[in-house]
């Protein structure tokens with residue numbers, strides 16, 4: 001088995017462990033079941049603006065050396081679901097918060113297949129649940145719906161509307177069959193996307 005194959009096997013095992021909620025590494029919150037990363041000040045400010053209605057979209061990334069959540073992008077109030085995919089990078093994982101209705105927030109975790117850095121993918125997968133928890137605890141931003149997608153091309157209007165449980169109120173019309181999973185606020189975790197090339 002090559003080094004890359006070994007790394008991919010470790011990544012798959014880590015993602016499976018995280019999806020079961022049994023990660024043994026505890027970051028900054030000793031009671032968490034995933035890696036908890038701190039928010040830097042600009043990320044915190046952008047999330048506060050989202051909570052107050054000044055922004056519609058906040059995209060966060062992880063500063064890997066510092067293991068800190070940092071601001072990647074924001075979009076102003078009124079940004080529609082049809083614009084989301086253009087705000088999400090196609091070559092690295094991201095956490096996106098989207099205000100789809102007044103006071104309602106969708107959390108989107110994207111991990112493109114073109115993201116080849118194993119440590120990066122593992123850290124994003126292990127941290128996704130704690131990102132939701134830390135924003136609720138430290139910023140007061142409650143996530144109402146969650147969704148996972150392979151990359152920005154999977155974050156189309158149809159997939160977002162399906163994840164949010166709405167139809168037709170965000171503008172545009174999706175044409176792709178969504179490969180994302182969605183959940184409400186029942187706490188059951190993320191639905192996993194289909195693997196590339198597996199129909």
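The values are calculated or read from the model by the stated rules, or taken from the named source; none is laboratory data. Here the structure is a predicted model, which is why all the values come from computation and not from measurement. Ideal geometry is used to build each Cβ from the backbone, glycine not excepted, and the neighbour counts take in all protein chains shown.
Beta carbons closer than 7 Å, at least 6 apart along the sequence or on distinct chains, pair a first residue in segment 119-134 that is surrounded by fewer than 23 Cβ atoms within 10 Å (Cβ to Cβ) with a second that is modelled with pLDDT under 95 and assigned to a helix (DSSP H, G or I) for 121/11; 122/11; 122/14; 126/14; 126/18.
If a residue must be part of a helix (DSSP H, G or I) and either surrounded by 21 or more Cβ atoms within 10 Å (Cβ to Cβ) or modelled with pLDDT of 95 or more (or both), how many such residues does segment 154-170 contain? Total meeting the criteria: 7.
Across segment 36-65, the number of residues qualifying as surrounded by 15 or more Cβ atoms within 10 Å (Cβ to Cβ), touching a residue at least 40 places away in the same chain (Cβ under 8 Å) and either part of a strand (DSSP E or B) or out of contact with any helix residue (DSSP H, G or I) (no Cβ under 8 Å at 6 or more places or on another chain) (or both) comes to 9.
For segment 138-153, a residue qualifies if it is part of a loop (DSSP other than H, G, I, E, B), touching a residue at least 60 places away in the same chain (Cβ under 8 Å) and touching a helix residue (DSSP H, G or I) at 6+ places or on another chain (Cβ under 7 Å), and the qualifying residues are 139, 140, 141. Please enumerate the residues belonging to segment 70-84 that are surrounded by fewer than 21 Cβ atoms within 10 Å (Cβ to Cβ) and not in a strand (DSSP E or B). Answer for segment 70-84, where residues must be surrounded by fewer than 21 Cβ atoms within 10 Å (Cβ to Cβ) and not in a strand (DSSP E or B): 77, 78, 79, 80, 82, 83. Out of 105, 68, 110, 96, I need the residue that is in contact with a helix residue (DSSP H, G or I) (Cβ under 9 Å, 6 or more places away or on another chain), in contact (Cβ under 8 Å) with a residue 24 or more places away in the chain and over 21 Å from residue 165 (Cβ atoms). Which one? Criteria check complete, one pass: 68.
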